Amino acid sequence: MAEGRSRPAWANIDLTAVRHNATLLRRIVAPSALCAVVKADAYGHGAPAVAKAAIEGGAAGLAVALIDEGVELREADITAPVLLLSEPPADAADAVVAGGLTPTLCSLEGVRAMAAAATRLGVRVSVHVKVDTGMHRMGADPATAPDVAIAVSESPILRLEALWTHLAVADGASANDREFTDRQLARFDQVVATLAERDVRPNILHAANSAAALAWPQARYDLVRCGITLYGELPSPSLAPTVAAEGAQLRPVLSLRARVSAVRELAAGERPSYGRLRPLPSRARVATVPIGYADGLPRAAFDAGLEVLIGGRRFPLAGAVTMDQIVVDCGPESLVAPGDEVVLLGRQGDEMITAAEWADRLGTISYEVLCSIGRRVPRVTVGEAKAGWSRTSPWGGAR
Ligand SMILES: *Cc1c(COP(=O)(O)O)cnc(C)c1O
């Protein structure tokens with residue numbers, strides 16, 4: 001198995017699983033199209049490789065948070081549409097146009113800056129206008145959104161390609177949450193209707209993240225924006241039945257692995273690592289593994305009772321997580337030896353540790369677990385497409 005060179009700790013990125021997940025999502029939401037959300041370096045998986053695999057799996061386009069993230073995709077020869085999920089700063093409009101990115105706009109100043117940049121560079125720019133229907137993070141409020149969309153549609157150098165919004169509690173199963181999502185969708189529909197009265201009809205409407213794509217058919221409109229599900233994790237465990245109903249399963253893309261660097265035999269009562277936090281309950285073989293909190297294995301993992309897999313079995317940490325290494329209590333019977341593979345996230349034998357398990361124990365969400373895996377952990381991609389890569393794909397689902 002491929003692994004890190006400078007030290008034996010690495011993350012495998014299974015591109016076959018990305019293609020599988022994209023195809024499955026596409027099937028679930030059809031006839032809506034799929035936008036693969038690859039911000040934050042594809043949630044820590046490596047954006048260019050994941051983006052290509054997602055498009056091979058059926059995604060019609062990509063979405064990122066930052067201009068630099070979009071430019072990275074262009075530099076990797078990706079020609080599919082790349083949506084910026086926030087309105088770019090006015091002084092960055094030229095970079096958006098030069099990068100061939102699709103800006104989200106939500107203010108008249110933003111429209112003016114983008115039109116000026118498009119005119120300067122002589123490029124017609126497609127725009128997605130964002131409505132704030134209740135998330136209250138970003139977007140034009142429903143009263144002013146029509147003016148922003150109309151300003152785009154009246155500009156000779158901009159094209160109103162889409163109108164969109166973002167849902168705050170699409171993963172919520174409570175009556176309150178469901179009512180709030182209904183209200184957000186109603187506000188969105190109202191803006192669409194107001195625009196239609198003015199004879200302005202965006203080609204594409206979109207509102208759904210992974211949770212809504214799975215749980216809210218009515219929110220799928222023409223396009224869904226999926227991130228976490230593309231990486232094989234659910235936004236919330238309550239959504240498992242929806243995926244299972246498709247007779248298929250999302251497959252985790254990332255597995256975090258390392259090799260045992262040292263093993264020592266210690267007596268009961270010894271307390272390995274900083275702070276001497278825990279006495280060994282019995283004589284034990286204790287394995288040192290070269291991965292630590294600087295790699296995204298949080299220091300809280302010890303108190304949270306996180307386990308690792310060695311030889312297809314679960315073992316607890318023997319003491320505090322350090323910056324570069326952990327110690328694992330392999331018990332008195334284990335045959336663990338230097339060089340053995342350790343799985344922190346992923347499958348080994350019949351056992352499997354998911355990002356959802358870490359999230360549950362650590363009191364966070366799988367998103368944060370995946371995004372926190374450190375830059376110094378090499379990403380090793382497996383399942384690359386054989387024929388190299390080049391494809392143009394328009395957004396699907398045009399009305
Ligand atoms: C990150 C993000 C998404 C993807 O959300 P998931 O829950 O990972 O599917 C979709 N839309 C917007 C606006 C986002 O910021």
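The values are calculated or read from the model by the stated rules, or taken from the named source; none is laboratory data. Quick caveat, the model's predicted, so the values are computed rather than measured. All Cβ positions, even for glycine, are placed from backbone atoms using ideal geometry, and neighbour counts span all protein chains on display. Accessible surface areas use protein heavy atoms only, side chains included; no ligands, DNA or RNA. Shrake-Rupley method; radii C 1.70, N 1.55, O 1.52, S 1.80 Å.
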| task | With only Lys, Arg, Asp and Glu charged, each at its Cβ (+1 for the first two, -1 for the last two), find how big the charge dipole of the chain is about the Cα centre; round to the nearest 20 debye. | result | 660
| request: Pick out which of Pro298, Pro89, Pro235 has the largest mean-square fluctuation in a Gaussian network model of the chain, springs linking Cα atoms closer than 10 Å. | output: Pro89
| query | Under 5 Å between amide H atoms, partner at least 5 residues away or on a different chain: which partners does Ala208 have, H built in plane at 1.01 Å? | reply | Arg225
| note | Highest GNM mean-square fluctuation among Arg259, Arg225, Arg283, for the chain with Cα springs under 10 Å, belongs to Arg283
| So which GluC sites (Glu not before Pro) in the range 309-360 end up in coil per DSSP with only 12 or fewer other C-beta atoms within 10 Å? | Glu333
| remark: For the range 333-388 the trypsin sites (Lys or Arg not before Pro) that pass both the DSSP coil test and the at-most-15 other-Cβ-within-10 Å test are Arg375, Arg376, Lys386
| query | Rounded to the nearest whole Å², what accessible area per residue is found for the range 32-236 with the 1.4 Å probe? | reply | 35
| Within the accessible area of the chain, what % is carbon and sulfur when the probe is 1.4 Å and the other protein chains stay in place? | 52
| message | Would the range 313-357 count as rounded, prolate or oblate if I go by the C-alpha gyration tensor, calling it rounded below 1.5 in a/c and otherwise prolate when a/b exceeds b/c, oblate otherwise? | response | oblate
| Given springs between every Cα pair under 10 Å in a Gaussian network model of the chain, which of Arg257, Arg26, Arg271 has the largest fluctuation? | Arg271
| In whole Å, how far is the Cα centre of the range 116-168 from that of the range 323-381? | 43
| note | Rounded to the nearest 500, the 222 nm mean residue ellipticity computed for the chain from DSSP H runs (n ≥ 4, each -39500 (n - 2.57)) alone is -9000 deg cm²/dmol
